[in-house]
Amino acid sequence: MNRESIDFTQYSDVHWKAQDSDSDSLLFFKLGSSGIEGASNFLKKAKFKHCYINSESNLEIKGVTSVSTKTWEEMREESLNHFYPLDQKLKLIGITGTNGKTTVTDLVRQLCLAHSIPVKTIGTLGVFEDEEKTKDFSLTTPDYVDLRKVLSGFSGVACIEMSSHALDQKRFGSLRLDVAAWTSFSQDHLDYHLSMEDYFKAKLKIFEYLKPGARLLIASTQVDLIKAIKKEQRISVEPVKASGAFFKAVYNQENLGLANGVLKELGFTILLDRKLSPPPGRFNIFENGDLKVVIDFAHTPAGIESIGRSIREAFPDHQLVTLFGCGGDRDKTKRAPMGKAASQWSSFVILTSDNPRFEDENSIIDDIVPGVSVPFERIAKRKKAIQYAVEKFKSDSVVLLIAGKGHEEYIDQKGVKTPYSDEEVVKALLKEV
């Protein structure tokens with residue numbers, strides 16, 4: 001179909017999710033896995049003033065126009081430029097990597113705050129403007145329409161976590177980065193990408209979003225990653241040390257080096273003598289007597305291995321006990337490797353659940369067990385597992401690592417997200433010890 005013009009005076013807003021749209025809205029509906037029939041059934045029930053769908057097939061639905069994907073993207077861009085224009089002074093940072101995206105993004109925010117630089121961050125922890133959390137998305141990287149709504153009118157520094165899913169699905173539209181960073185690369189998301197090669201190719205797409213002359217930073221200690229990325233725009237930066245147990249971990253020194261590096265690339269002079277805090281759910285330490293509890297989002301084999309090693313280095317006089325599970329309906333091939341990684345630095349392992357979704361939590365644990373090579377216990381209910389661990393090791397010189405959920409405040413099981421927090425459970429238990 002030929003390109004048609006849009007009279008924006010007829011609409012109050014632009015949306016990509018039909019459930020957010022209303023009778024005055026312009027809706028850009030993207031054809032998904034349910035196909036044209038599924039889209040048709042969905043749109044018949046949706047509210048909108050007009051809808052464009054990227055399909056070569058015409059839908060016999062009032063107010064719905066089918067256009068080619070190229071035309072759909074052009075019209076969406078024109079609409080977003082009208083409703084949600086970007087400020088020319090906006091400086092955009094993109095962060096990708098298997099582990100560390102959230103930490104780098106939050107360290108960028110903290111460094112900006114310490115130097116009175118207006119900042120927005122978008123990622124796993126939600127949307128922050130300076131110190132205030134303003135929005136939560138269910139995805140690490142929201143859709144392009146949502147990104148434009150968050151960024152519109154902002155003239156400071158914005159830092160976005162760029163997940164492999166988002167890069168593969170082209171969720172960044174016409175956004176272009178002033179600088180980027182790649183934290184790490186290891187196994188994850190093979191339920192989606194199917195192979196490490198495809199996963200790596202998805203990550204490489206971050207280069208497509210760099211402005212001319214913009215560069216991508218990698219920690220100089222990530223030797224294999226540097227060798228694998230053969231791009232002129234790639235440069236390496238040195239890790240940066242800081243005070244506190246959080247920064248005793250080499251990977252957090254890498255993360256701080258990247259946060260410092262991307263801001264320097266933007267022309268800012270950054271002083272690293274300011275107090276920096278771990279982001280929520282990242283190496284958060286709680287103590288009672290000899291027992292120390294570390295809550296961390298580590299949910300990959302490399303993540304578990306790295307934090308295990310870092311805890312042993314930070315607390316050499318303590319034994320490490322690791323409590324974790326694996327997410328349901330996600331990459332099953334990483335489950336046994338997770339058990340192996342936990343065993344590498346732990347004297348004892350406790351296997352439990354972690355967002356089982358529609359899988360049986362005990363079946364997930366069964367998949368982890370072959371990788372475990374140290375004494376272990378299995379307790380499917382996460383709260384009971386933590387209660388067991390705190391009671392068993394309360395009088396010992398132990399660091400209890402509770403991995404996998406970090407900042408999350410729910411358990412996702414059978415389609416229901418039940419309120420739950422590792423931190424709240426731990427705080428309550430340590431009061432009783």
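The values are calculated or read from the model by the stated rules, or taken from the named source; none is laboratory data. Every value quoted in this text rests on a predicted model; they were computed, and no experiment measured them. Quick reminder, even Gly has a Cβ in these numbers, built from the backbone with ideal geometry, and neighbours come from all protein chains shown.
Here is how the numbers come out for the structure above:
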item	result
Total residues in region 280-296, condition under 14 Å from TYR251 (Cα atoms) and either free of Cβ contacts under 8 Å to residues at least 24 places away in the same chain or touching an Asp or Glu at 6+ places or on another chain (Cβ under 8 Å) (or both)	2
So LEU276, is it within 24 Å of the chain's Cα centre (by Cα) and either within 24 Å of ALA158 (Cα to Cα) or not assigned by TED's automatic domain parsing to the domain that holds ILE218 (or both)	yes
Selected residue (only one of ALA298, ALA219 is of a type outside the set (D, E, K, R) and under 20 Å from ALA342 (Cβ atoms))	ALA298
Hits in region 48-78 (condition: surrounded by fewer than 16 Cβ atoms within 10 Å (Cβ to Cβ) and assigned to a helix (DSSP H, G or I))	THR69, LYS70, GLU74, GLU77, GLU78
Filtered residues of region 393-424 (kept if surrounded by 13 or more Cβ atoms within 10 Å (Cβ to Cβ) and either among the basic types (Lys, Arg) or over 21 Å from the mean Cα position of the chain (by Cα) (or both))	PHE393, LYS394, ASP396, SER397, VAL398, VAL399, LEU400, LYS405, LYS417
Within region 383-422, tally of residues that are assigned to a helix (DSSP H, G or I), in contact with an Asp or Glu (Cβ under 9 Å, 6 or more places away or on another chain) and acidic (Asp, Glu)	1
Any hit, region 87-100, residues being surrounded by 13 or more Cβ atoms within 10 Å (Cβ to Cβ) and free of Cβ contacts under 8 Å to residues at least 24 places away in the same chain	no
Every residue from region 222-245 that is at pLDDT below 95 and touching an Asp or Glu at 6+ places or on another chain (Cβ under 6 Å)	none
Checking GLN387 against (1) touching a residue at least 12 places away in the same chain (Cβ under 8 Å); (2) closer than 27 Å to GLN187 by Cβ; (3) of a type outside the set (A, V, I, L, M), the condition it does not meet	(2)
Hits in region 346-371 (condition: among the hydrophobic types (A, V, I, L, M, F, W, C) and crowded, with 21+ Cβ neighbours inside 10 Å)	VAL349, ILE350, LEU351, ILE364, ILE365, ILE368
Odd one out for PRO375 among (1) surrounded by 14 or more Cβ atoms within 10 Å (Cβ to Cβ); (2) within 18 Å of ILE304 (Cβ to Cβ); (3) in contact with a Ser or Thr (Cβ under 8 Å, 6 or more places away or on another chain)	(1)
SER353 vs. criteria assigned to a helix (DSSP H, G or I) and either assigned by TED's automatic domain parsing to the domain that holds MET196 or not aliphatic (A, V, I, L, M) (or both)	no
Considering residues of region 79-123 that are among the hydroxyl-bearing types (Ser, Thr, Tyr) and touching a strand residue (DSSP E or B) at 6+ places or on another chain (Cβ under 6 Å) only, the residue farthest from ALA214 (Cα to Cα)	SER79
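To keep it simple, each residue is scored yes or no on (1) touching a Lys or Arg at 6+ places or on another chain (Cβ under 8 Å); (2) at pLDDT 95 or above; (3) in the same structural domain as PHE246 (by TED's automatic domain parsing); (4) not charged (D, E, K, R).
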{"residue": "VAL294", "(1), (2), (3), (4)": "no, yes, no, yes"}
{"residue": "PHE297", "(1), (2), (3), (4)": "yes, yes, no, yes"}
{"residue": "ILE311", "(1), (2), (3), (4)": "no, yes, no, yes"}
{"residue": "PHE315", "(1), (2), (3), (4)": "yes, no, no, yes"}
{"residue": "MET338", "(1), (2), (3), (4)": "no, yes, no, yes"}
{"residue": "SER347", "(1), (2), (3), (4)": "no, yes, no, yes"}
